[in-house]
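The values are calculated or read from the model by the stated rules, or taken from the named source; none is laboratory data. What you see is a predicted model; the values in this text were computed from it and never measured. Reconstructed Cβ throughout: ideal geometry from the backbone, glycine too, with neighbour counts over all protein chains shown. For the accessible areas, the whole protein counts, side chains as well, though only heavy atoms, and no ligand, DNA or RNA atoms are used. Shrake-Rupley method; radii C 1.70, N 1.55, O 1.52, S 1.80 Å.
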Amino acid sequence: MGVAEEERRVLAVIYEMLHAQELGNVGRVLDTLSESPEAAYMATDGVKWETSHEVHLQGGVAWAEGLARISNQSGAERPVRMSGVLVREHGQWVIVQSHASLPVQDTEIFKLATG
């Protein structure tokens with residue numbers, strides 16, 4: 001199978017998950033998720049985590065997730081979630097994708113959605 005076909009298959013899973021989320025079909029969303037105990041899933045509120053480890057290895061690919069706190073110059077702090085994907089290049093682990101976000105409480109989201 002060629003790279004283009006693999007990319008098509010990866011995108012198909014992502015689009016299926018997004019479509020299932022739009023429909024609110026939890027079963028279809030779950031069908032797109034790995035059953036591996038190393039898989040990591042985060043809710044929007046930053047409190048609920050579905051993960052068993054902070055670092056996961058699978059061959060030449062690794063991914064990591066974690067919670068931290070950031071502070072501004074006045075000392076005020078907020079929680080931040082971080083995740084990243086790493087690959088081995090020339091015998092060294094390097095980051096190929098990273099993400100950080102400030103969690104939004106589910107109650108805030110639903111309040112906005114309902115007006």
Of all residues in segment 18-35, which are open to solvent by less than 60 Å² (accessible area, probe 1.4 Å), farther than 21 Å from HIS56 by Cα, out of contact with any Lys or Arg (no Cβ under 8 Å at 6 or more places or on another chain) and among the aliphatic types (A, V, I, L, M)? VAL29
In this structure, does MET42 turn out to be touching a Ser or Thr at 6+ places or on another chain (Cβ under 8 Å), surrounded by 11 or more Cβ atoms within 10 Å (Cβ to Cβ), at pLDDT 85 or above and under 23 Å from GLN105 (Cα atoms)? no
Residue pairs, Cβ under 7 Å, 6 or more apart or interchain, first in segment 1-13 and farther than 21 Å from VAL29 by Cβ and polar (S, T, N, Q), second at pLDDT 85 or above and open to solvent by less than 100 Å² (accessible area, probe 1.4 Å). List them. none
Residue, surrounded by the most Cβ atoms within 10 Å (Cβ to Cβ), within segment 81-103, restricted to residues that are of a type in the set (S, T, N, Q) and within 14 Å of LEU67 (Cβ to Cβ): SER83
